[in-house]
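Have a look at the structure below, then the notes.
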Amino acid sequence: MSLELLSREVVSCRQCPRLVTWREEVAATKRAAFRDQEYWGKPVPGFGDPDARLVIVGLAPAAHGANRTGRMFTGDRSGDWLYRALHRAGFANQATATDRADGLALSNCYITAIVHCAPPDNKPTAEERSTCAGWLDREFDFLPSAEVVVALGQLAYHQVLRRFGPAVPKPRPPFGHGREVSVGGGPLVIAGYHPSQQNTFTGRLTEEMLDAIFTRANEVVGG
């Protein structure tokens, strides 16, 4: 087994009926701006360097972003923010991500999410998050070089801490932008606000704040 084979398993998953129905409905109806494009409409696998020391974990594919393009954080405004920051930090070869053939490559970085299908209203249920948790666990099994995990958003943060179980300090540290949690024998977990439009449009998350997260990640991995 490898990350490549695991990605194929992810893409074929149909375990959550609500998510299967939604992702395929969106892919069929499309958004007017993308009506001439063929939507991916399947679970979106992780993406990046299999030897990565930095792993980024988001929430789920956007309906007209990764659910359309088939690559994490690609084709939407959240991805615009994320890949600009990764490019500035030296983890990406370019600052843009539009489709799977755009030439984007990650160095020392791997990106995934706690849910691999686009959920209605960007809100996967607790049951759906639990069902998808096994994929995240298996991804980490194939990312032995991970030294830093950046969890974007509160749900991703708590799912990442769940994955490391007994190694997480008790009581569990609350979520907060820039919060760091050392898990015994595992990577450093850094929490960050998700680069959603809700956060970036309101100024809750600025580019400087996002850059600070990846500057810190670089310090840890020696980038």
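The values are calculated or read from the model by the stated rules, or taken from the named source; none is laboratory data. In this text, all values refer to a predicted model and were calculated from it rather than measured experimentally. Positions of Cβ are backbone-derived with ideal geometry, glycine not excepted, and every protein chain shown enters the neighbour counts.
Some points to look at:
- With respect to being touching a residue at least 40 places away in the same chain (Cβ under 8 Å), assigned to a helix (DSSP H, G or I) and either in contact with a helix residue (DSSP H, G or I) (Cβ under 9 Å, 6 or more places away or on another chain) or crowded, with 20+ Cβ neighbours inside 10 Å (or both), residue 155 fits the description.
- Residue under evaluation residue 162, criteria (1) free of Cβ contacts under 8 Å to residues at least 60 places away in the same chain; (2) more than 17 Å from the chain's Cα centre (by Cα), criterion not met: (2)
- Listed conditions (1) on the phi > 0 side of the Ramachandran plot; (2) in contact with a strand residue (DSSP E or B) (Cβ under 9 Å, 6 or more places away or on another chain); (3) of a type in the set (Gly, Ala, Ser) are all met by residue 165, apart from (2).
Here's the yes/no breakdown for (1) surrounded by fewer than 24 Cβ atoms within 10 Å (Cβ to Cβ); (2) without any contact (Cβ under 8 Å) to a residue 60 or more places away in the chain:
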position	(1), (2)
35	yes, yes
41	yes, yes
73	no, yes
77	yes, no
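- In the range 81-131, the residues that are among the hydroxyl-bearing types (Ser, Thr, Tyr), over 24 Å from residue 204 (Cα atoms) and in contact (Cβ under 8 Å) with a residue 24 or more places away in the chain: 98, 107, 110, 125, 131
- Sole residue being at pLDDT 95 or above, under 23 Å from residue 158 (Cβ atoms) and in a helix (DSSP H, G or I), chosen from 20, 10: 10
- Filtered residues of the range 9-33 (kept if buried (at least 22 other Cβ atoms within 10 Å of the Cβ) and within 30 Å of residue 186 (Cβ to Cβ)): 16, 19
- Annotation note: Cβ proximity below 7 Å between a residue of the range 183-202 that is farther than 14 Å from residue 169 by Cβ and a residue that is among the basic types (Lys, Arg) and outside any loop (DSSP other than H, G, I, E, B) (sequence gap 6+ or interchain) occurs for 190/216; 197/77.
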